[in-house]
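The values are calculated or read from the model by the stated rules, or taken from the named source; none is laboratory data. For clarity, every value in this text was computed on a predicted model and none was experimentally measured. Reconstructed Cβ throughout: ideal geometry from the backbone, glycine too, with neighbour counts over all protein chains shown.
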Amino acid sequence: MKVEVHLLFPFREELPEHPVHLDVPQGADVARALAALVARHPGLRERLYDAQGKIARHVAALVNGVSVQYKDGLRTPLADGDVLTLLPPLGGG
């Protein structure tokens, strides 16, 4: 199935493609899509994962505009045509 991945600055600085179109197996979840993304673009590993190999706490993921925090986290299942958006840490005041 196909999933479209949108990465917001600064995550996409070094990517030659945007959005990224991934082919993932039927039933894949957000974690599987992130692994496929990093396999294609290894430079993202240090931006998306921590030293223990877990998704960094500052990375926010949305599926079709809804935070996975309000779903099943990184185990949120994906469907064909879904849009996965990765947001960097945001601050302000």
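Residue count for segment 69-93 under the criterion of being more than 13 Å from the chain's Cα centre (by Cα) and modelled with pLDDT of 95 or more: the result is 3. L7 meets each of the listed conditions (1) modelled with pLDDT of 90 or more; (2) touching a strand residue (DSSP E or B) at 6+ places or on another chain (Cβ under 6 Å) apart from (1). Of the residues making up segment 36-68, those that are of a type in the set (K, R) and either part of a helix (DSSP H, G or I) or under 11 Å from the mean Cα position of the chain (by Cα) (or both) are R40, R45, R47.
Here segment 33-76 is the region considered, the condition is being among the basic types (K, R), touching a residue at least 12 places away in the same chain (Cβ under 8 Å) and out of contact with any helix residue (DSSP H, G or I) (no Cβ under 7 Å at 6 or more places or on another chain), and the residue that is surrounded by the most Cβ atoms within 10 Å (Cβ to Cβ) is R47.
Would you confirm, using the coordinates I've provided, whether P88 is touching a residue at least 12 places away in the same chain (Cβ under 8 Å) and farther than 21 Å from M1 by Cα?
Numbers: touching a residue at least 12 places away in the same chain (Cβ under 8 Å): yes; farther than 21 Å from M1 by Cα: yes.
Yes: the conditions hold for P88.
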